[in-house]
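Read-outs: derived from the displayed coordinates by stated rules, not from any lab. The structure presented is a predicted model; accordingly, all values stated were derived computationally and were not measured. Positions of Cβ are generated from backbone atoms using ideal geometry, with glycine treated the same way; all protein chains shown enter the neighbour counts.
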Amino acid sequence: MKTGRSPGQDRVTTEMLKLAKSRILPQLTAILNQCLRNGEVPAEMADSRTILLFKKGDHLDLKNYRPISLLPTIYKVLSRVISARIDRTLDEAQPIEQAGFRKNCSTAEHLQAVNQLLEKAREYRVPIFMVFIDFEKAFDSVESNAIWNAAQRQGVHPKLLKLLRNIYSQATSKIQVGRAQVQIEIQRGVRQGDTISPKLFNAALEETFKELRWEDRGLNINGRRISNLRFADDIVLIADTEEELQLMVTELQEASRRSGLKINRQKTKAMAAEEINILLDGEAIQQVTSFVYLGQAIQVRRDPCKEIGRRISSGWNAFRKYGPFLTSRSVQMRWKRRLFNQCILPALLYGCESWALTQAARKKLAVAQRRMERRMAGVRLIDRRSNDWLRGVTKIKDVTDTAARRKWSFAWKMANASADKWPKRIEAWRPPTTRPQGRPATRWTDDFAKKLGSKNWQRSARRETHSTWCNRGCDNV
């Protein structure tokens, strides 16, 4: 368990447990084993403490506050024990479309899948219609009965299910309101901050989607249909006609209501190359040409510079956060370099695995990095220091080189992954339509074709080791 975390009502911290483990481990083991055998926990372990963190907007509007639940540290230990016993069972019940909180799955896969769908649709003039679903407070709204029914159907052991139900039936939380503390009973939703909660939510959501029976819905990708992609509660619906997409939205709305989930019309967006009218509760869902999905701007007509601009802005926000340290003349460059590589570079390069960069986009990234390097080195443009001199002083990782390495690494893993993975299946998809005349827009695979001199990059990736393959992408980026 990680240290430096706030304790729950009992005020016991992780550090305390680690320091006293030689003395309390036998007693703690006996208590947890008794909980597992009897399917019950002491009431104190089901209690939590909730604090409200302001996000933005009006301070008097409760919707602008994020509730953070602080669970007892002893309960977190029990939660990890339970999680270790049910994770595999629940994970095996999840489809390939769900990538949230699963081993060997990431946001990069879904970003790649969505970007490739839109790229192929543009190039081959294939109609594609999408709706990005947003549920109102999904994790806090899902009905408890929906969770337990889903867990039972998916094979969770009855004793563990009994224990979880007992924990949730006793769950209470104390909320600080001014100087007073108000205790409330938790009657729905999954416990915030609990390692089991995402798995339980995914289980309930999967049962909702099973009710829909969408085997014949969605876009046909080489004989298999893709109707949705999910990362926990971040969902995108995919169809090849406007009428089908409308049916899918209506059916999902009805099925999710039975689980306690409500679609937020204000934050749900539709996307298509043509004008469409998708209704939710009789009102039109807003159609957009760009939508931030899983932290990346997804666009109907892809402009790499737009997403690069967002990443540069995010990188500067991270740089300013640590500005006093990074620009201080008294701090050694090796410490600045370490902070930059670990905190600033990831902000600049989030989602780079799915980028199809133009030379203009690469130049924007490089220019932004050089500006940051000048700040770190304490020099200005008028000092007329060369880029080579600047890199020799900072010795930080090159942003375009790192982006290329991460993209080639992702491509190698995709080429060697299971054929069921959607990014791999979509990349191999060749729609049965003709392309328009003229030069196509920059493709994701252009980097591989240029370096390898062949379009069959997946065969090359399967033949080479990971390190050899990644080094190819970093030569003369």
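Phi-derived couplings, Karplus 6.51 cos²θ - 1.76 cosθ + 1.60 at θ = phi - 60°, listed residue by residue for the stretch 146-157: 5, 5, 5, 5, 5, 4, 5, 5, 8, x, 5, 4 Hz, with x used for Gly and Pro.
Rounded to the nearest 20, the Cβ-based charge dipole of the stretch 303-397 about its Cα centre (Lys and Arg +1, Asp and Glu -1) stands at 380 debye. Can you flag which of K76/K199; K76/K159; K56/K137; K321/K407; K363/K421 are past 21 Å Cα-Cα? Flagged as over cut-off: K321/K407; K363/K421. Here the Karplus relation 6.51 cos²θ - 1.76 cosθ + 1.60, evaluated at θ = phi - 60°, turns the backbone of the stretch 356-369 into coupling constants of 10, 7, 8, 5, 5, 5, 4, 5, 4, 4, 5, 5, 4, 5 Hz, with x for every Gly and Pro. Each Lys or Arg adds one and each Asp or Glu subtracts one; over the other residues with Cβ under 9 Å from the Cβ of F340, this totals +3.
Give me the percent of DSSP beta bridges within the stretch 14-293 that run antiparallel, rounded to the nearest 5. Walk me through the numbers before you get to the answer.
On the way: 31 of 37 bridges.
Looking only at bridges with both residues in the stretch 14-293, the antiparallel portion is about 85 percent.
For R5, the shell of other residues with beta-carbons less than 14 Å away shows a net charge of +3, using +1 for Lys and Arg and -1 for Asp and Glu. Note: relative contact order over the chain, using C-alpha pairs below 8 Å and six or more positions apart, is 16 percent. 3J(HN,Hα) along the stretch 226-233, derived from phi through the Karplus expression 6.51 cos²θ - 1.76 cosθ + 1.60 where θ = phi - 60°, amounts to 10, 10, 7, 10, 10, 10, 6, 9 Hz, with x in place of Gly and Pro.
Given Cα positions, please report Rg to Rh for the stretch 190-249, the hydrodynamic radius being the Kirkwood one.
Checking Rg against Rh, the ratio lands at 1.07.
Projecting each Cα onto the charge dipole of the stretch 303-397 (Lys/Arg +1, Asp/Glu -1 at the beta carbon, about the Cα centre), which of S330, I382, V367 comes out farthest on the positive side? The Cα lying farthest towards the positive end belongs to S330.
Of the beta bridges in the chain, as assigned by DSSP with both residues counted there, near 85 percent are antiparallel.
State to the nearest 20 debye the size of the charge dipole of the chain about its Cα centre, where the only charges are +1 on K and R beta carbons and -1 on D and E beta carbons.
Details: 86 positive and 51 negative charges, 592 e Å.
That gives the chain a dipole magnitude of about 2840 debye.
Please give the Cα centre distance for the stretch 237-313 versus the stretch 346-361, rounded to the nearest Å. A separation of 23 Å, based on Cα centres. I'd like the distance separating the alpha-carbon centroids of the stretch 125-204 and the stretch 43-98, in whole Å. Spelled out, the Cα-based centre of one part sits 8 Å from the other.
Among W412, W444, a tally of other beta-carbon atoms within 10 Å of each Cβ gives an order, fewest to most, of W444, W412.
Taking other residues whose beta carbon is less than 11 angstrom from the beta carbon of G378, and scoring Lys, Arg as +1 and Asp, Glu as -1, yields +4.
Given axes a ≥ b ≥ c from the Cα gyration tensor, I'd like to know whether the stretch 35-179 is rounded (a/c under 1.5), prolate (a/b larger than b/c) or oblate. Oblate is the answer for the stretch 35-179, as a/c is 1.5 or above yet b/c matches or exceeds a/b.
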